[in-house]
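To start, the structure under review is shown below, and the notes come after it.
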Amino acid sequence: MSELFDAEMWEATKLTLRLAFVTTLLLLILGIPIAWWLARSKSFIKEIIGTFVALPLVLPPTVLGFYLLLLLSPQGNLGSWLSEVFGSPFPFSFKGLVVGSVIYSLPFVVQPIRNSFEAIGDHSLEAAASLRASPFDVFFSIALPLARPGILTGSVLGFAHTVGEFGVILMLGGNIPGETKVLSVAIYDYVESLQWEKAHVLAAGMIGFAFCVILSTTLIERHWRKKSNE
Amino acid sequence: MSRFEAKLKGRLGNFLVDVSFTIPHTGITALFGPSGCGKTTILRCIAGLTQLEGNLVVDGKSWQDSSNFLPTHRRPIGYVFQDANLFPHLSVRKNLEYGLKRIQIPRKNQLWEEITEMLGLEALLDREPSKLSGGEKQRVAIGRALLSAPEIILMDEPLSALDRFSRMEILPYLQRLHLDLKVPIVYVSHDLHEVEQLADWMILLERGHVIAQGSISSLLANPQLPLVGLPEAAVILEGGMQFFDSTYCLSLIAVNGGFLTLSQDLGVIGSRHRLRILAREVGIAKSWRDGDASFLNVLSAIIMDIQPFGEQQATVFLRLGKKAHGDALLARITRKSCDVLQLKKGDEVKALIKSVGLVSIPTVNQDG
């Protein structure tokens, strides 16, 4: 076991999970309000903002990574300000990976949550308002619980997508063990250096992980749907 | 007397809404009109769910004027939606508690007991909304609205999404509300029969305009209004139980200007009842001798007006009593009978009533 799964692989796994958890958390904090606004707003700007959020779906990760690298580099305005506030520059650091991952996975989180919010419709929200619930109260007592399936799907997609991320990370973070060397980069490295057996362990593990994630999400959603249709 | 005054103006689809009306202190006020006349929009404006220009004043307090607009959650309303709109993720109990938790009143427990008992909700409390029938859902929705201790209740066609049986199940509850509550109810409907069974007052709407408002009995018999031109034109009479003839199981009811006989036991002497007489169930005779025909209800009346109704028929507007002091009555007869009998305004005639419908349950005095 210890030969098959060495300290280096363990480090990459831990880093990947840490990145995925932090990213998913930030994605939810950011994505839920964005999804709510996109679902409820009637202004025209929302389609523009919606398009920006969706851009990473279409763009090659290298394009995103390249611009993020420029934007976050300490030579730029934003980059120098950020590195002052956070004490160190963003590129080639864990922080940089988090920023890149959040932007890269945002559409995967926002879209299902927005769909869920839109599916609620006005009826329940108006009923809540007529029962003295303020808009804030309506959001927490009605909209969030009813959007639960979308929030679950969004978090799972955001998490899984971050785990499987490669291009943005390579552009923005490089390949620093323990800091930016995540699983996908490690697999790439093993293949490059012809350590196929190690690549197999990680790659097969990723397939198993993806399978479990998708299956369990489907089952949970089915359970919820059954419960609400009973 | 009126506690609610509204003036609203604005575009709705392809016509202009421009209404001004008042809602009395108690009783059910029907916002009545054909589909698309703007009645639901007006109700939504009262709730603050839709915004048109105008003023809403309740008990001297402004809910809306040119400079302020009270949001829905600050208005002490209870809104009953067409499709119940229960929260699907909450049990019946949690649905009912939703509004109650968000208000500050003394004796919440007492209110809870009263409302759940009145609407028969105890057995439903631990059920999920998806497991309720249409009628049960609407009962829960009414209970939920009442438990937010509203100062005005707004109902948007609460029966229209229900089948006939569920309607029959809900109606008695609504009529009971009417008796028990001191809170005014605004009731949107396009079903005249429903309005006749429930409402005390009516605001008649057409394409965004109020064409009449007043007590339901006065509007139903008003020759100027389109209601008398409907095939199911009818009048509503209120009367008190006088006497029960147990031999034939007949009740005698005193209405303003005469007595009516109903072939059912209406209970306690003195109890008040609401009766409905369809225009097509009323015939006219110039003279009458007791014992000449099988009609039980033959009342003296004066012809106030005659209007043609279609090719063959005419609507005759009557007032009960020899001095036309009583309630209004409508008779729909053929134009031929009209000519043969040479009926004209001011004639004293006999109204022959084939059947008198009882509108379900006892009613309170309108000013009660």
Work out, step by step, the length gained on full extension between A:Val191 and A:Phe21: first 0.36 nm times the residue separation, then minus their alpha carbon distance; give nm to one decimal.
58.5 nm
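State, to one decimal in nm², a quarter of the convex hull surface area for the C-alpha atoms of chain B, i.e. the direction-averaged projected area. Could you put the intermediate results ahead of the total?
Details: hull surface 84.6 nm².
Seen from a random direction, the Cα hull of chain B projects 21.2 nm² on average.
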Rotationally averaged projected area of the range A:30-116 (alpha carbon convex hull; nm²):
6.3 nm²
What lysines does B:Lys39 reach when the alpha-carbon gap must be under 17 Å and sequence neighbours fewer than 8 apart in one chain are set aside?
B:Lys7, B:Lys9
Between B:Ala123 and B:Asn68, what is the label-to-label distance in nm when each label sits 7 Å out along the Cα-to-Cβ direction?
4.7 nm
GNM result for chain A, Cα springs below 10 Å: residue of A:Ser88, A:Ser80, A:Ser134 fluctuating most strongly
A:Ser134
log₁₀ of I(q)/I(0) at q = 0.08 Å⁻¹ - the protein assembly as shown, Debye sum with one point per alpha carbon
-0.73
Provide the convex hull volume over Cα atoms per residue for the range A:88-139, in Å³.
88 Å³
When the dipole is taken about the Cα centre of chain A, and only Lys, Arg (+1) and Asp, Glu (-1) are charged at their Cβ, what size is it in debye, to the nearest 20?
780 debye
Gain upon complete extension [A:His223, A:Leu30; 0.36 nm per residue less C-alpha separation]:
66.8 nm
At 7 Å along Cα-to-Cβ for each site, give me the label-to-label distance between A:Arg148 and A:Glu84 in nm.
4.7 nm
If the convex hull is drawn through the Cα atoms of chain A, its volume per residue in Å³
149 Å³
Pairwise Cα inverse-distance average, inverted: Kirkwood Rh of the range B:4-220 (Å)
17.7 Å
Under a point-charge model restricted to the Cβ atoms of Lys and Arg (+1) and Asp and Glu (-1), what is the dipole moment magnitude of the range A:74-142 relative to its Cα centre, in debye to the nearest 20?
220 debye
So, by mean Cβ neighbours within 10 angstrom, what's the order for B:343-352, A:4-13 with the highest one leading?
B:343-352, A:4-13
Debye calculation, C-alpha points only, no solvent: report log10 I(q)/I(0) for the range B:239-320 at q = 0.13, 0.20, 0.22 Å⁻¹, in the same order as the q values.
-0.51, -1.03, -1.15
Largest to smallest principal axis extent of the C-alpha atoms in the range A:32-83, angstrom:
39, 26, 19
What are the membrane-span-like helices in chain A by this rule: whole DSSP H runs, Cα extent along the axis at least 24 Å, mean Kyte-Doolittle hydropathy at least -1.0?
A:7-40, A:94-130, A:196-229
List residues of the range B:113-135, by number, whose backbone nitrogen lies under 13 Å from a label position 7 Å along Cα→C-beta of B:Arg93.
B:122-128
Per residue of B:77-90, what is the mean number of Cβ atoms on other protein chains within 10 angstrom of that residue's Cβ?
5
Under a GNM of chain A (C-alpha, springs under 10 Å), which listed residue has the highest mean-square fluctuation: A:Phe117, A:Phe159, A:Phe136?
A:Phe136
Which residue, A:Gly158, A:Gly167, A:Gly87, tops the fluctuation ranking in a GNM of chain A built on C-alpha contacts under 10 Å?
A:Gly87
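Find the all-direction average of the projected area of the Cα convex hull for the range B:180-229, expressing the result in square nanometres with one decimal place. If you can, show how the numbers build up before the last one.
Working: hull surface 15.9 nm².
For the range B:180-229, averaging the hull's shadow over all directions gives 4.0 nm².
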Enumerate lysine pairs in chain A that are 8 or more residues apart or on different chains, then count those whose Cα atoms are under 18 Å apart.
5
Just to check, using Stokes-Einstein with a Kirkwood Rh over alpha carbon pairs, what's the diffusion coefficient of the range B:1-45 at 37 °C and 0.692 mPa s in µm²/s?
284 µm²/s
Here, A:Ala54 and B:Ile269, labelled 7 Å along Cα→Cβ, have an inter-label distance in nm of 7.8 nm
Size of the range A:93-230 along its principal axes in angstrom, Cα-based, largest extent first?
65, 33, 18
Size of the dipole of the protein assembly as shown about the Cα centre, Lys and Arg at +1 and Asp and Glu at -1 on the beta carbon, nothing else charged, in debye to 20?
1220 debye
Kindly rank B:315-321, A:125-131 from highest to lowest mean number of other beta carbons found within 10 Å of each residue.
A:125-131, B:315-321
State the extension gain, in nm to one decimal, for the chain segment bounded by B:Asn14 and B:Lys61, taking 0.36 nm per residue of separation less the distance between their alpha-carbons.
13.7 nm
Rounded to the nearest whole number, the per residue volume of the convex hull around the C-alpha atoms of the range A:1-64 in Å³ is 115 Å³
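Throughout, read-outs are computed from the coordinates displayed, never taken from laboratory work. What you see is a predicted model, and the numbers here were worked out from it, not measured in a lab. For neighbour counting, all protein chains shown are included, and Cβ atoms are generated from backbone atoms with ideal geometry for every residue, glycine included.
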